[in-house]
Every structure is written in C-alpha cells, then in structure tokens.
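A.B. asks: The structure under discussion is supplied below as structure tokens; questions concerning it will follow.
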Amino acid sequence: MVFMQKKGNFPLFLFLILISVALIALSKFGFLNGLEGLLQKSFSPFQKISYMIFRTSSNDKENSQNQNIDLFNKITDSKTLEKDNLALRDQFQTSYPKSKNLLPAKIVGAPAFIPGVSEPKILIIDKGAKDKVKEGFAVVYKNILVGKVTKTSSFLSKVSILTSGDFSFTAKTTSSGLGVIKGTDGAVTLQNVLLSEELKKQDIVLTNGDINENGVGFPPNLIVGKIISVEKKPSALFQSAMVEPILDFSKLTMVFVVLSNE
Amino acid sequence: MNKFISVFFLIFAFLLQSFFTTMPFVLTACLIIYVLERKVWILPVAFSMGLFLDIATMRPIGSTSLFFIVFLFVISLYQKKFEIFTFHFIFLASFFGTISFLLFFEPDHFILQTLLNSFLALLIFSVLKRFSVLDKEEKELKFYR
C-alpha cells in the first residue's frame with residue numbers, strides 16, 4: 001500500500017488548493033459562467049431524474065421495493081406528468097398573476113436537513129438566464145408567494161424560500177396592517193407593525209408590492225400566509241405577528257417565476 | 001477496500017448531498033475512504049466531487065473543493081504524528097469537519113446535523129473497515145501463495 005506520508009504529497013495539496021482559489025476567483029468575476037452553464041445543462045436531466053426518483057421513493061416506499069427498474073421509471077414519469085399537469089392547470093386557472101407573465105419551472109433540487117421532514121431553505125429550478133430569469137424575480141405557486149430568485153446561471157436558478165431569512169419585504173394584512181416580513185429559522189414573522197394597526201389571528205398576509213425601476217421585486221397581493229399569533233406590548237413601539245405559510249414547500253414539484261410585473 | 005465500493009459510496013453520497021439533503025455526506029465519504037485507503041487518487045477525486053457539488057448546488061465553483069482539500073490536508077498532517085485508523089479519530093474528524101462545513105455553507109440546524117453525520121460516519125466506517133481488513137488479508141494470502 002502506498003502511504004501518503006511516505007510520498008510527501010504537499011505539492012499536490014498546494015496545487016489543488018491554488019486551483020480551487022483560482023476557480024473561486026474566476027467564478028466570482030463571472031468568467032466561468034459559460035462552462036458552468038454547459039455543465040449544468042448536461043447535469044440537468046440527470047438531476048431531474050434523481051430528484052424525482054428520491055422524491056417518489058420517499059413517498060411510496062412499499063410499492064417501490066417490489067417494482068423492477070422499468071416499471072419504476074414508468075410510474076415516476078407518469079406521476080411527474082400528472083403532478084405537472086395538475087400544477088399547470090391550477091396555475092392557469094388562477095387569474096392573478098396573469099399566466100402570460102409566468103414561466104413554469106420544475107424543481108430539480110431541494111436540499112433539506114431531513115428530506116420530507118425539514119423544510120428546504122432553497123430550491124433549484126430548471127430555468128435560468130437563458131429563459132430570461134433574473135435575480136430578484138418573485139417565484140409563486142398559484143397566487144401564493146414561494147420565494148425569490150437569488151442566483152441565476154444559464155440553465156438553472158436558485159430560489160430562496162420565504163422562510164429562509166435571506167430577504168425581507170413589505171407586507172400588509174387583510175385588515176390593512178402594514179409591516180415587514182422576515183423569515184427566521186423556518187418561521188415567518190410580520191414585524192414593525194404600528195401599535196395603532198389591528199392584527200388578528202387568521203388574518204391573511206399579502207405582499208404590499210415593492211417592484212423597483214428594473215421591474216424586479218414582488219408584485220402586490222400575493223399571499224404570504226396567515227397570522228397564527230400576535231405579539232403586542234403597550235410599551236413597545238411596534239407589534240409583530242407569527243405568520244404560517246399556506247404551502248408545504250417540501251412537497252412542491254413545480255413553481256412559476258413571475259417574469260413581468262405588468 | 002474494493003475500489004468499486006469506494007466509487008459507489010462516493011457517488012451515492014454525492015447524489016444525496018447535491019439534490020436531497022444538506023448533510024455533508026461527500027465529506028464523510030472522502031474522510032472514510034482516505035483513512036481506509038490512504039492513496040493519492042482520493043485527492044483529485046475529492047477535488048472533482050467538490051466541483052460537481054458546487055455546480056449542482058450553485059455555490060461559487062471551487063469553494064467546496066477548497067474545503068475538501070484543506071480538510072484532507074489537515075488530516076494528512078495529523079496522520080504523520082498519530083494513528084488515524086481508529087473509531088475515535090473518525091468521530092472527531094467527522095465532527096469537526098462537518099461543523100466547519102456547515103458553518104461555512106449550511107448553518108441551519110448545524111449541531112444536530114453534525115452529531116447525526118458523525119454517528120453515521122462511525123457506522124459506515126465500522127462496516128467498510130471489515131471489507132478493508134478482508135481485502136488486506138486476501139492480498140496477503142495471495143502474496144504468500
């Protein structure tokens with residue numbers, strides 16, 4: 001057996017460390033976008049299949065054990081199609097946001113601590129800059145806010161989910177309380193609401209709309225969630241509320257990117 | 001240890017980590033294979049796995065590779081002075097490796113993830129160690145024949 005300490009592999013370590021540092025620098029400055037895009041494109045079908053196989057096997061363990069690979073693939077394909085059709089039909093029956101402004105995207109990755117149990121913090125979708133997806137675009141399912149695009153490459157995008165704590169935005173309640181939504185450790189809080197405003201349990205929280213001059217941001221009146229508890233202290237300047245998202249993000253297989261906010 | 005088992009273990013860890021979970025299974029796989037094999041090929045493999053992970057999870061390319069290589073470098077330094085083919089080393093190396101990785105890349109539930117990953121590393125090591133010992137004995141027998 002060739003032991004590493006005898007050979008003295010310090011030059012190899014140093015070489016690989018230097019290459020890694022160079023790659024990070026090139027990647028940060030965007031010189032590797034083309035190569036990254038190509039590799040992601042070649043990974044994409046593989047990624048979709050792996051994601052669906054893992055997802056289906058976790059949902060339906062008993063059946064999958066007794067099936068041969070061909071049958072398993074057929075079932076996976078038909079389930080995927082069924083879910084996609086249902087999602088598309090639901091989305092295009094929803095009048096807002098307008099369907100012509102929406103880009104359907106399949107989820108190809110949703111890493112979570114314990115898959116199926118923990119909520120994922122990010123989603124990887126199969127649409128990227130080539131499909132005109134930009135950083136900051138809202139991602140929805142029906143008229144419910146899922147999150148926003150935080151990184152794009154040519155063929156894939158990374159979506160930060162509402163609960164991830166990566167961003168905050170203004171929101172309003174159906175009883176007209178205005179505040180700031182912030183994700184914290186899997187929960188969502190509505191903060192900085194004036195004491196004079198009335199917050200009630202079961203109130204629906206909606207986006208207030210904060211689109212910038214480049215057309216990037218959240219359109220108004222997307223559903224964020226419903227209020228499950230209110231924290232109001234007379235001595236405090238503001239009140240806050242815990243908001244429960246309506247969607248189970250770990251069960252999603254398809255989402256929609258809001259391309260235009262007209 | 002059989003190369004086929006090592007490759008299968010690495011690919012399975014890669015699939016799990018890139019699409020499904022935030023636990024650094026590839027780091028654990030690299031650590032265990034390094035300890036069992038102690039061969040040069042694990043370095044470029046760890047480097048490539050890091051690159052693929054960066055592409056799949058949309059991190060800056062090279063960041064995970066850098067972490068893996070630095071981690072293996074630290075282990076190789078430790079290996080010059082102390083024995084690494086032990087359960088307590090696997091547990092501690094996996095613990096500190098996982099906690100550092102999670103603090104850098106996925107700080108969500110990092111204590112729970114670290115503990116779970118470290119115990120999993122122990123379990124996998126105890127299984128693969130048997131293959132490694134059997135493989136070594138077989139080679140020795142062939143040599144004497």
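A.B. asks: Give me the strands (runs of 3 or more DSSP E) completely within the stretch A:173-262, filtered to those with at least 3 residues that are touching a helix residue (DSSP H, G or I) at 6+ places or on another chain (Cβ under 7 Å), ordered by residue number. Spell out the reasoning first.
C.D. replies: Details: elements: A:178-184, A:187-194, A:204-207, A:223-231, A:238-244, A:254-258.
So the answer is A:254-258.
A.B. asks: I want to confirm something. Restricting to the stretch A:1-37 and keeping residues that are among the charged types (D, E, K, R) and exposed (fewer than 15 other Cβ atoms within 10 Å of the Cβ), which single residue is modelled with the lowest pLDDT?
C.D. replies: At the first step, the residues of the stretch A:1-37 found to be among the charged types (D, E, K, R) are A:6-7, A:28, A:36.
Add one more test, that the residue is exposed (fewer than 15 other Cβ atoms within 10 Å of the Cβ), and what stays is A:6-7, A:28.
Numbers: A:Lys6: 51, A:Lys7: 55, A:Lys28: 86.
For the stretch A:1-37, the residue satisfying everything is A:Lys6.
A.B. asks: Tell me, which residue of the stretch A:229-258 that is aliphatic (A, V, I, L, M) and more than 22 Å from A:Ser160 (Cβ to Cβ) is nearest to the chain's Cα centre (by Cα)?
C.D. replies: A:Val230
A.B. asks: Kindly state which strands (runs of 3 or more DSSP E) lie completely within the stretch A:40-147 and contain at least 1 residues that are within 18 Å of A:Val255 (Cβ to Cβ) and either within 14 Å of chain B (Cβ to nearest Cβ) or modelled with pLDDT under 70 (or both). If you could, list the steps in order and put the result at the bottom.
C.D. replies: Details: elements: A:102-109, A:122-125, A:138-141.
Fully inside the stretch A:40-147 and qualifying: A:102-109, A:122-125.
A.B. asks: Another question about this same structure. Just to be sure before I move on: is A:Ala187 modelled with pLDDT of 85 or more and either more than 16 Å from A:Gly136 (Cα to Cα) or buried (at least 19 other Cβ atoms within 10 Å of the Cβ) (or both) in the structure I sent?
C.D. replies: no
A.B. asks: Suppose we filter A:Val180, A:Val159 for residues that are under 30 Å from A:Asn33 (Cα atoms) and within 20 Å of the chain's Cα centre (by Cα); which single one remains? Let's see the steps before the verdict.
C.D. replies: Details: A:Val180 fails: under 30 Å from A:Asn33 (Cα atoms).
None of the other options fit; the residue is A:Val159.
A.B. asks: Sort out which residues of the stretch A:215-238 are in contact (Cβ under 8 Å) with a residue 12 or more places away in the chain and not hydrophobic (A, V, I, L, M, F, W, C), and write them in order of number.
C.D. replies: Pass one, the stretch A:215-238, residues in contact (Cβ under 8 Å) with a residue 12 or more places away in the chain: A:215-230, A:232, A:234, A:236-238.
Passing the criteria: A:Gly215, A:Gly217, A:Pro219, A:Pro220, A:Asn221, A:Gly225, A:Lys226, A:Ser229, A:Lys232, A:Pro234.
The values are calculated or read from the model by the stated rules, or taken from the named source; none is laboratory data. None of the values given here were measured: they were computed from a predicted structure. Here Cβ is always computed from backbone atoms with ideal geometry, including for glycine, and neighbour counts include all displayed protein chains.
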